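S.K.: Below is a structure I'd like to ask you about.
The values are calculated or read from the model by the stated rules, or taken from the named source; none is laboratory data. Worth saying up front: this structure is predicted, and the values here are computed from it rather than measured. So basically every Cβ, Gly included, is an ideal-geometry build from the backbone, and we count neighbours across all protein chains shown.
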Amino acid sequence: MAALAEELGVGLVGTNDVHFLRREDKQAHEVLTCISTGKTLAEGAMEYSPELFFKSPAQMRAALSAWPQAADNTLRIAEMCQAKTGFRQEASSGLPYPDGQSAKDYLARSPSRP
């Protein structure tokens, strides 16, 4: 890719596919993938690279050390973006919950407890 970027005269950028937040979340992600596909780990479900975690800027710079311009270009693009994730907002369907409970209280209750 670096050679192609140079040949075309375009900037190189670096990315990292992210499937889980931390490197140590790899096994949990593989288990969740098995659950969603109806397979077991023993059945040879998808095995993910441990590198598919959300890397810090320093980790990305290290991963792209052979192409420092890729990290610089990626940072330039990121600085031009403005994104709001809404991760801090409570998600709710807007439906009423039994006994006037909040969504958080309703979801926290075990089905086996009244």
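S.K.: Answer with yes or no whether Ser56 is loosely packed, with under 10 Cβ neighbours inside 10 Å, hydroxyl-bearing (Ser, Thr, Tyr), out of contact with any His (no Cβ under 9 Å at 6 or more places or on another chain) and farther than 21 Å from Pro68 by Cβ.
M.R.: no
S.K.: Here's another thing I want to ask about it. Test of understanding: among Ala58, Ala42, Ala70, which residue is in contact with a Gly (Cβ under 7 Å, 6 or more places away or on another chain) and either in a helix (DSSP H, G or I) or at pLDDT below 90 (or both)? Outline the logic, then answer.
M.R.: Details: Ala58 fails: in contact with a Gly (Cβ under 7 Å, 6 or more places away or on another chain); Ala42 fails: in contact with a Gly (Cβ under 7 Å, 6 or more places away or on another chain).
Being in contact with a Gly (Cβ under 7 Å, 6 or more places away or on another chain) and either in a helix (DSSP H, G or I) or at pLDDT below 90 (or both) holds for just one of Ala58, Ala42, Ala70, which is Ala70.
S.K.: Across region 1-14, which residue is nearest to Asn73 (Cα to Cα) among those that are free of Cβ contacts under 8 Å to residues at least 60 places away in the same chain and surrounded by 10 or more Cβ atoms within 10 Å (Cβ to Cβ)?
M.R.: By that ranking, first place goes to Val10.
S.K.: Still on this structure, please answer the following. Sort through Ser36, Ser49 and tell me the only one that's exposed (fewer than 12 other Cβ atoms within 10 Å of the Cβ), at pLDDT 90 or above and not acidic (Asp, Glu).
M.R.: Every option except Ser49 fails the conditions.
S.K.: Now a separate question. Answer yes or no: is there a residue in region 34-46 that is touching a Cys at 6+ places or on another chain (Cβ under 9 Å), more than 25 Å from Ala78 (Cβ to Cβ) and small (Gly, Ala, Ser).
M.R.: Yes: region 34-46 contains one or more residues that are touching a Cys at 6+ places or on another chain (Cβ under 9 Å), more than 25 Å from Ala78 (Cβ to Cβ) and small (Gly, Ala, Ser).
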